[in-house]
Amino acid sequence: MPDTDNSDRLERKRGREAWRVRAFTIGPAAAMLILLTLLPLGLMVYISLQERDWSGSVIWGNYSFEAYIRFIFERKLDDSLQLNADYVRIFARSFWLSLLTTGLSLLVGFPTALFIATRPPRWRATLVFLTTVPFWTNLLVRNYAWILLLRDTGPINAGLQELGVIDEPLAMLYTNFAVSVGLTYSFLPFMVLPIYAAMEKMDFRLVEASFDLYATRLQTLWQVMIPAAWPGIIAGCILVFVPCLGSYVTPALLGGGKSMMVGNLIGLQFGAARNWPFGAALGFALLTLILLSMLFYVFKVRPEENR
Amino acid sequence: MGTDISISARNVIKDFGSFRALDDISLEIHKNEFFTLLGPSGCGKTTLLRLIAGFEVPTRGHIELSGQDITNVPPFRRPVNTVFQSYALFPHLTCAQNIGFGLARLGRGKSEIDEVVRRMLKLVKLEELASRKPHQLSGGQQQRVALARALAPAPELLLLDEPLSALDQKLRKGMQIELKRLQRETGVTFIFVTHDQEEALTMSDRIGVMSDGLLQQVGTPREIYNHPANRFVADFIGESNFLAAGVGDTAGEYTAVALDCGYRHRVPASRQLQPGDSVVAAIRPESLVLTDSGAEDSIAATVTDAIYFGTDTHCHVELDNREALVIRLQNARVDRVDLNPGSRVGVRFDPDAIQVLGD
């Protein structure tokens, strides 16, 4: 039966074409992913498992867990291991500073987003645009500006002394506080924009309905507006928290040596300390921390969203 | 002031910038009443409702609830609940949680809330959908949840802002009956806002007709339909034919009114009608009778069109003075007269069904 034969061949030809189209469309993205994400990641894991010679260069092919051991233990001269919490402490500090920054951003960002979302529509675009204005200046310049503001002889301390609130200048620069303020300032738009996007979609008649049903302003905020903004709040928190964990410039400038964060420690290992395997291992540990945070979000926070 | 007054508005004025949305509204609504505010869109009826709910504050005047001035009381302290046009159900809460929202904010105990929610779900016949979210419900079901939510805190007054406008024709008829039943069963005062005159006529105890920020007439559906206070009401409620007329002399208790088309009418004498005034005679299409041309007491006319509507036929005629009339004929009796365009007919007026209105 030539007819069936023909349609069979046509079918197979069509199948091959579909496959070709698929390869053509998915191909570039897949290649990007492999080349720019999986490959470097693999390389990082590989380097973290290599030995390092005395001058700091990687001895390729000599596998060792030394970098990971170093993360928790300190190797004494007699080769015995002693618990060393310094690096873990830096990780913990990064974690708490990032949480604090996320909290501060939320505290400032939510009212800002709410304010923008409640303006007349013709104003909103302008206000959203204005929140991005700080990005027009280089991150480095903005952080230097914070140094000038926060230092002992800066305008904040001078102003407070002038008003007689304090006698001695407050030590604000090179503290965790300075780092958190700097990070909040840098990442605030990442909090404002997703919350605004969620609030803008909210039907403000729900607020009237809530007032109508005996909810006070505060109850309306908790019972109606925050649930409506919840997806935006979650997105904003992720967008602030994750880059915060790995931030480099802000803690380097505003934290000095005392408030070092993971990003600075990793930078140090690849630079001055010349210990690539250890730097790679730290990078991998950071990745794990972020992954764990995300898993926590997926399994603990997300279900609440669908409550 | 009797104690049977639920809500009263006293000389209420509301301005939005230079636009006057409500112009000196005074109104009293009785307890247990199904009161409808009827008017075209933009007439101010929703604004009046929002003032009663507390979402807006009047520019001038007072609003009293059971004799107490509530003009400046915020909405969350008024025993008044609203069914919103868009329902405004909380999307993150289930039906039961939506219905319990008001009671929870009033600080009622969990067992009481559960009890009331169950009763409300039964009242609106949605028991099996208690744990659904609003987006999983049809429009009619959402409507009923919105009703239950507003009724659950047992308000003194329930405000309904065009709640049926989003429903299709058939569902709407069902909900009209349902609303009426709910009002009877709960004994709550309902204030219902609509632009649909048929809805207003079938459901209300009393109707307030509004236009341009003014309350044009307040009365029972029968009063408003049979005795419209002015041309706007006669035109907006049902259909009316308007014929020009002039006021003649008064003899005894009656004043003569001569319709331009030749019909002689008389009305009880009143100070508002002075000889020589030009007035309008409003006549409902169903109160006119179509006869053969030249029949006794009839005005001669020519058929211009006849439109078939199922239960009845609307016959358009032109009187000899070129005034146009619509006559509604029940189809059972249509065949007696020739309705082809151009045929000569007679129109007979029912003197009891003519309303003489100031022009």
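The values are calculated or read from the model by the stated rules, or taken from the named source; none is laboratory data. The model shown is predicted, which means the values in this text are computed figures rather than measured ones. Methodologically, a virtual Cβ is constructed for each residue, glycine included, from the backbone with ideal geometry; neighbour enumeration extends over all protein chains shown. Surface accessibility is based on the protein's heavy atoms, side chains included, excluding ligands, DNA and RNA. Shrake-Rupley method; radii C 1.70, N 1.55, O 1.52, S 1.80 Å.
Only one entry in B:V303, B:V347, B:V317 is modelled with pLDDT of 90 or more, surrounded by 12 or more Cβ atoms within 10 Å (Cβ to Cβ), among the β-branched types (V, I, T) and touching a Cys at 6+ places or on another chain (Cβ under 8 Å), namely B:V303.
With a requirement of 2 or more residues that are over 23 Å from the mean Cα position of the chain (by Cα), touching a residue at least 24 places away in the same chain (Cβ under 8 Å) and more than 11 Å from every other protein chain (Cβ to nearest Cβ), the strands (runs of 3 or more DSSP E) lying completely within the range B:24-134 that satisfy it span B:60-65. Every listed requirement among (1) in contact with a Pro (Cβ under 7 Å, 6 or more places away or on another chain); (2) more than 23 Å from A:V88 (Cβ to Cβ); (3) open to solvent by 30 Å² or more (accessible area, probe 1.4 Å) is met by A:M260 save one, (2).
Only one of the numbered conditions (1) surrounded by fewer than 10 Cβ atoms within 10 Å (Cβ to Cβ); (2) out of contact with any strand residue (DSSP E or B) (no Cβ under 7 Å at 6 or more places or on another chain); (3) of a type outside the set (G, A, S); (4) within 25 Å of A:G263 (Cβ to Cβ) is violated by A:L83, and that is (2).
Kindly indicate whether any position in the range A:197-220 is open to solvent by 30 Å² or more (accessible area, probe 1.4 Å) and away from chain B (no Cβ under 14 Å).
Within the range A:197-220, one or more residues are open to solvent by 30 Å² or more (accessible area, probe 1.4 Å) and away from chain B (no Cβ under 14 Å).
Residue count for the range B:264-275 under the criterion of being closer than 24 Å to B:L325 by Cβ, over 32 Å from the mean Cα position of the chain (by Cα) and not charged (D, E, K, R): the result is 0. The criterion of being open to solvent by 50 Å² or more (accessible area, probe 1.4 Å), part of a loop (DSSP other than H, G, I, E, B), of a type in the set (V, I, T) and more than 22 Å from A:L206 (Cβ to Cβ) does not hold for A:T126. Among the conditions (1) in a helix (DSSP H, G or I); (2) open to solvent by less than 10 Å² (accessible area, probe 1.4 Å), the only one that B:G174 does not satisfy is (2). Of all residues in the range B:77-103, exactly one satisfies the criterion of being more than 21 Å from A:F204 (Cβ to Cβ) and either open to solvent by 40 Å² or more (accessible area, probe 1.4 Å) or not assigned by TED's automatic domain parsing to the domain that holds B:L48 (or both), namely B:P79.
Each row is one residue, and each column tells you yes or no for (1) surrounded by 18 or more Cβ atoms within 10 Å (Cβ to Cβ); (2) in contact with a helix residue (DSSP H, G or I) (Cβ under 6 Å, 6 or more places away or on another chain); (3) in the same structural domain as A:K201 (by TED's automatic domain parsing).
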position: A:S57; (1), (2), (3): no, no, no
position: A:L77; (1), (2), (3): no, no, no
position: A:G103; (1), (2), (3): no, no, yes
position: A:T137; (1), (2), (3): no, no, yes
position: A:N143; (1), (2), (3): yes, yes, yes
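Scanning the range B:5-21 for residues that are open to solvent by less than 80 Å² (accessible area, probe 1.4 Å) and more than 13 Å from B:I52 (Cβ to Cβ) turns up B:I5, B:I13, B:D15, B:G17, B:A21. Condition (residue is over 30 Å from A:I156 (Cα atoms), open to solvent by less than 40 Å² (accessible area, probe 1.4 Å) and more than 14 Å from chain B (Cβ to nearest Cβ)) applied to the range A:181-190: is it met by at least one residue? Taking every residue of the range A:181-190 in turn, none turns out to be over 30 Å from A:I156 (Cα atoms), open to solvent by less than 40 Å² (accessible area, probe 1.4 Å) and more than 14 Å from chain B (Cβ to nearest Cβ).
For A:N275, the conditions (1) modelled with pLDDT under 90; (2) open to solvent by 20 Å² or more (accessible area, probe 1.4 Å) are fulfilled apart from (2).
Scanning the range B:22-36 for residues that are buried (at least 22 other Cβ atoms within 10 Å of the Cβ) and closer than 16 Å to B:I63 by Cα turns up B:L22, B:I25, B:I29. Within the range B:168-197, residues that are under 20 Å from B:S138 (Cα atoms) sit with their Cβ atoms under 8 Å from residues that are part of a strand (DSSP E or B) and open to solvent by less than 50 Å² (accessible area, probe 1.4 Å), at 6+ positions apart or across chains, in these pairs: B:L179/B:L160; B:L179/B:F190; B:L179/B:F192. The number of residues in the range B:148-171 that are within 20 Å of B:L38 (Cβ to Cβ), within 14 Å of another protein chain (Cβ to nearest Cβ) and either open to solvent by less than 10 Å² (accessible area, probe 1.4 Å) or of a type in the set (S, T, N, Q) (or both) comes to 5.
Going by the structure shown, is B:V209 of a type outside the set (S, T, N, Q), in contact with a strand residue (DSSP E or B) (Cβ under 6 Å, 6 or more places away or on another chain) and open to solvent by 10 Å² or more (accessible area, probe 1.4 Å)? Outline the logic, then answer.
On the way: of a type outside the set (S, T, N, Q): yes; in contact with a strand residue (DSSP E or B) (Cβ under 6 Å, 6 or more places away or on another chain): yes; open to solvent by 10 Å² or more (accessible area, probe 1.4 Å): no.
So B:V209 does not fit the description; no.
Check whether at least one residue in the range B:119-127 is at pLDDT below 95, farther than 26 Å from B:D168 by Cα and open to solvent by 50 Å² or more (accessible area, probe 1.4 Å), and report yes or no. Yes - at least one qualifying residue is present in the range B:119-127. Among the residues making up the range A:6-45, a single one is over 25 Å from the mean Cα position of the chain (by Cα) and either under 30 Å from A:F270 (Cα atoms) or in the same structural domain as A:A281 (by TED's automatic domain parsing) (or both): A:A31.
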